[in-house]
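First the structure, in the form of C-alpha cells, and then the observations on it.
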Amino acid sequence: MSRSFRWLLVALGSLVITALLSVGAQSNEPAVINFGFPPSQDPIGLNLKARTLVDTISAQSGYNMQSFITTDYTSLVEAMRSGFLDIAFFNPAGFVLAEREANARVLLKSVRRGNPFFWSAIITRVDSGILALGDLQGKSFAWVDPASSSGFIFPKSYMIDQGINPDTFLGTQIFAGTHDGVVRAVLEGQADAGATFVNQPLTGLGSEVSGSWDAGRFGFTAETAAQIRIIAITEAIPGDTMSVRGDFQDQYPDVVQRIVNVVAAMRCERNQTGCPLWDLFQIEYMIPATSADYDPVRRAFENVGIRP
C-alpha cells in the first residue's frame, strides 16, 4: 500500500468521524418532550389550556412537545417516575413527592398577584351557620385530593395546629378531585365546608372574598363568589412548580435550559385572556426556585403524619 493511499484512508476516516460527531451533536435533542399537568380543574377545559401552553413553548423553543393530564395528583408523580413524563407542572406537595419518588428537580415556581406564594382557605356557604373552625364539628367536609397542597395537606395541618383532629372532629369527608369540585360540593350542599386555594391572604374573614378567591378561574361568577364564606386561611404555600425529571436534565441540559428561558420570559397581566400561563393556572409569571423553598411543604406533610 502506497504512502499516499494510506494518507487518503486516514483523511477519509477523519472525515467520517467528523461527520458522525456532527450528526451526534445535532441529534442530541429528544424526539418529543412529554409535558404533564395535574387535574386541578375541569379536564376538558384544562386539556385545551395545557395544549395551548405547550404549543406556545414548543413554537418558541423549537422542540416537539406533547401535553398530558393525569387522572389524579399521584398519577402525575408516577408518570414521571416511570420515565414517561420529562417535565411537569407539579403542585407543591406533588413536587415534594416527585422529588423523592421520581428524582424530580424544581426549575421554576409560580407568581400570582406578585407573590411567589398562595394560601389555602377553608370555605363554607354564607347561609351555613358555620362561622369558625369550632363550628365544623360533625360537619361534612370536601377535600381536593390526598396529594393536594391547598386542598388537603396544608388545611389539614392547619386544623391540627389549631388543636383539631379532622379525622375525629369532622363528619363525613369526601375527595372531590379538583378545586372547582370542592367549591361545587359546598355550593350544592354535598359538603358543609371544604378546602381550596386562594391567591392572596385576607385582611379579614367573612363573605367578602372577591379580592382573594378567583371565581373566574373556575368559570364561576361574582354572584357565586358572594355565596362563599372563608372561615380560615392557612400559612403561605410556596408556588406551583415547573419541574424536570433528573435524568432527562442530565441528558439534555441545554434543552431544559432553553425551555426554562422560554417559560421564564412569559409575562401575563391579571385577567389577561389569551396569555397561556394565566389562562391555565392564573399565573402571572414564573421565577427560579430551589428545593429548599419547599421545606414548609415537608413540614406540613410531617404534621399530618405523612413522611414526604
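Couple of notes before you dig in:
- Three-way shape call for region 107-158 based on the alpha-carbon gyration tensor, with the a/c threshold at 1.5: prolate
- For ALA104, residues with placed amide H under 5 Å, excluding near neighbours: GLU99, GLY246
- Loop-resident GluC sites (Glu not before Pro) (DSSP state other than H, G, I, E or B) in region 253-308 with no more than 12 further Cβ atoms inside 10 Å of their Cβ: GLU269.
- Residues whose amide H lies under 5 Å from that of SER120, counting only those 5 or more places away or on a different chain, are VAL198, THR234; hydrogens are built 1.01 Å from N in the peptide plane.
- Counting neighbouring Cβ atoms within 10 Å and putting the fewest first, the residues TYR63, TYR158 line up as TYR63, TYR158.
- Cα-based reach from LYS139 at 13 Å (exclusive), listing aspartates and glutamates while leaving out same-chain residues under 8 positions away: ASP167, ASP192
- The amide H of LYS139, built 1.01 Å from its N in the peptide plane, has GLY171 as neighbours under 5 Å, considering only residues 5 or more places off or on other chains.
- Gain upon complete extension [ASP127, ASP247; 0.36 nm per residue less C-alpha separation]: 38.0 nm
- Full extension of the chain segment joining ARG299 with VAL32 gains 92.5 nm, where the gain is 0.36 nm per residue of separation less the Cα-Cα distance.
No lab work stands behind these numbers, since they all come straight from the coordinates. Small disclaimer: the values here were computed from a predicted structure and weren't measured. For neighbour counting, all protein chains shown are included, and Cβ atoms are generated from backbone atoms with ideal geometry for every residue, glycine included.
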